[in-house]
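See structure below.
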């Protein structure tokens, strides 16, 4: 396909619910120096997109939406050395505006796709897979000596993290919202899936660990789980808060960490772990190798037409989705 001079996509003028998302046509200038025009074949939907839309993570408005997509290069700007027209690529660290048929993306953000990784799989796993990578290899490097609690274990990050942690030998417990999601989590390496709507997950973790608690809790839920997650930890355990699906966690009295067992808390982000092209491509290579070794099942739970991004957000926020969600231009 020839380079485009205009594109259609999803935009919003003010923060709010999914209804603020609008389908528009806009001009698409040629890529500037150091950038390439990417024709999108598949676009990843992530919880951070809902935070941007709702204003929890404010963007300059009006704005596009979305941080990751996969497709091919249609044109390169001056100075681009590593890519050419026709190359299959993905990106996952923005710029914001992936909910579109095409976008201009800095060369430093692009990842070359191996022949054995499809555009759909790349868009489904890049942000989620790289998030799982830094959580279990860098934030708290897991081994077969560790026990883990992973909230939202049947979500996009959750299913990948369950599989990776299980592959490393860690014992993984997860919280889920339905029996179907429990089956999905256990099929992807979760030793026990806890239905948080039916049982107290703190009591269940204590039972499963004979009262000891877990070494680390990975918590992307936020307000609804944060304080109880602390009660699931062993002495000197680590709570990794990496998302706010139910709202921001409450303010924390640091003295509480001492009384609960000299606990640790961290709030890492993917973007601080892939803020250099070398770090991004090294992490992507590790992810591709993990997939190539058939250690991971890529679960694309649902796809939507790009025009239906608002419905994708409704379903994501009401926990009707499982695995990864894609928009198809």
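How would you classify the stretch 1-144 from its alpha-carbon gyration tensor, with a ≥ b ≥ c the square roots of the eigenvalues: rounded for a/c under 1.5, else prolate if a/b is greater than b/c, otherwise oblate? Oblate. In terms of its C-alpha gyration tensor, the stretch 144-267 comes out prolate, because a/c is 1.5 or above and the ratio a/b outweighs b/c. Per-residue Cβ neighbour counts within 10 Å put 43, 136 in the sequence 136, 43, beginning with the fewest. Using alpha-carbon positions, what is the distance between the centroids of the stretch 107-141 and the stretch 189-221, in Å? With the stretch 107-141 and the stretch 189-221 each reduced to a Cα centre, they are spaced 27 Å. Taking the DSSP beta bridges with both ends in the stretch 163-311, the antiparallel portion is around 0 percent.
Between the stretch 293-329 and the stretch 231-283, the alpha-carbon centres lie 26 Å apart.
When the square roots of the Cα gyration tensor eigenvalues are ordered a ≥ b ≥ c, the ratio a/c for the stretch 77-147 is 1.5 or more and a/b exceeds b/c, which makes its shape prolate.
Got a sec? How would 92, 143, 325 order by Cβ neighbour count within 10 Å, fewest to most?
Lowest count first: 143, 325, 92.
Relative to the longest principal axis of the Cα atoms of the chain, the long axis of helix 119-134 lies at roughly 40 degrees. For residue 259 and residue 5, the difference between the fully extended length at 0.36 nm per residue and the C-alpha to C-alpha distance is 85.4 nm.
Going from the residue with the fewest nearby Cβ atoms within 10 Å to the one with the most, 126, 227 rank 227, 126. Our estimate of slack between residue 183 and residue 207, defined as 0.36 nm per intervening residue step minus the Cα-Cα distance, is 6.6 nm.
Per residue, the convex hull spanned by the Cα atoms of the stretch 181-329 amounts to 158 cubic angstrom.
Between residue 85 and residue 59, the FRET efficiency estimated from the beta carbon spacing at R0 = 25 angstrom works out to 0.25. Approximating the spin labels as points 7 Å out from Cα along Cα→Cβ, the residue 137-to-residue 200 distance works out to 3.9 nm. Can you give the % of DSSP beta bridges in the chain that are antiparallel, to the nearest 5? Within the chain, antiparallel bridges account for around 55 percent of the total. Distance from the C-alpha centroid of the stretch 157-186 to that of the stretch 1-58: 31 Å, rounded to the whole angstrom.
Helix 156-167 axis versus longest C-alpha principal axis of the chain: approximately 60°, rounded to the nearest ten.
The mean sequence separation of alpha-carbon pairs under 8 Å and at least six residues apart, normalised by the residue count of the chain, gives a relative contact order of 17 percent.
Between residue 144 and residue 269, the contour length at 0.36 nm per residue exceeds the Cα-Cα span by 42.5 nm.
Computed from the coordinates by the stated procedures, all read-outs in this text should not be read as laboratory data. What you see is a predicted model, and the numbers here were worked out from it, not measured in a lab. Note: ideal-geometry Cβ built from the backbone for every residue, glycine included; neighbour counts use all protein chains shown.
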